[in-house]
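Below: one structure, written as structure tokens.
No lab work stands behind these numbers, since they all come straight from the coordinates. The structure presented is a predicted model; accordingly, all values stated were derived computationally and were not measured. Glycine also receives a Cβ, built like all others from the backbone with ideal geometry; neighbour counts cover every protein chain displayed.
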Amino acid sequence: SPKETTTYTIAGVAEECSHSSSFTVEVLPAPDTTVSLLDSQTLQVAVDGLEYQWSYCNEPGNANIDGATEQSFSPDETGLYRVEVSNDACTFESECFNFVLPATSLESTERSNINVFPNPVEDQLQIRLTEPASGQISIHDIQGKLLQLLEFENSAHVQLSVTGPSGLYFITITTSEGTTQKTRLIKH
């Protein structure tokens with residue numbers, strides 16, 4: 001199979017008669033399946049005008065999401081997502097995109113048990129819990145990329161250095177007792 005547009009000629013000869021015919025096989029580029037944030041709550045694939053199916057990356061068999069068949073998709077939870085783009089002849093799959101729910105739709109349980117400060121932060125971020133606990137802290141950038149992951153054990157106070165340029169980040173604190181807090185974090 002050709003990797004670029006190619007013209008082929010077929011020739012047939014039978015005794016004193018011959019005939020030839022040419023045809024061109026046009027090889028089209030694969031569509032751009034790059035997934036990006038359209039706004040803080042919506043994922044969008046770059047290519048338009050085709051058929052789409054969004055799915056979870058971390059589910060067995062990359063489970064399709066019912067009704068998620070448009071060029072853009074608004075997840076209702078933080079997670080890894082991909083899209084399958086199809087035309088009449090071919091299907092292409094995007095890379096997984098790590099989506100983090102934005103601050104306007106963050107949910108937490110027992111928010112008063114965890115205090116995150118200062119916010120905005122220059123460098124050192126303080127996290128205080130009302131009682132010692134174990135768990136993990138993750139920091140994602142606005143694109144959903146995991147920047148830091150820290151585990152803590154039997155602690156009521158955690159201090160961490162927030163690295164990276166100034167901007168908006170999302171911090172998720174999950175304790176082994178089941179308390180989760182997701183907070184928008186601004187770094188100066």
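Points to keep in mind about this one:
- Annotation: extensible slack from Asp123 through Thr5 equals 37.1 nm (criterion: 0.36 nm per residue apart, minus Cα-Cα distance).
- For the range 143-156, the Karplus equation 6.51 cos²θ - 1.76 cosθ + 1.60, evaluated at θ = phi - 60°, returns couplings of 7, x, 6, 6, 9, 9, 9, 10, 9, 10, 9, 6, 10, 9 Hz by residue, with Gly and Pro reported as x.
- Label of the coordinate-derived value, Kirkwood radius over Cα pairs in Å, listed as (i) 18.6; (ii) 20.1; (iii) 17.0: (ii)
- In summary, the aspartates and glutamates within cross-link reach of Lys182, defined as a Cα separation below 18 angstrom excluding same-chain residues under 8 places away, comprise Asp76, Glu77, Glu107, Glu110, Asp141, Glu151.
- Sorted from longest to shortest, the spans of the Cα atoms of the range 18-65 along the three principal axes equal 63, 28, 13 Å.
- Spin-label model, Asp88 to Leu28: label points 7 Å out along the Cα-to-beta-carbon direction sit 0.9 nm apart.
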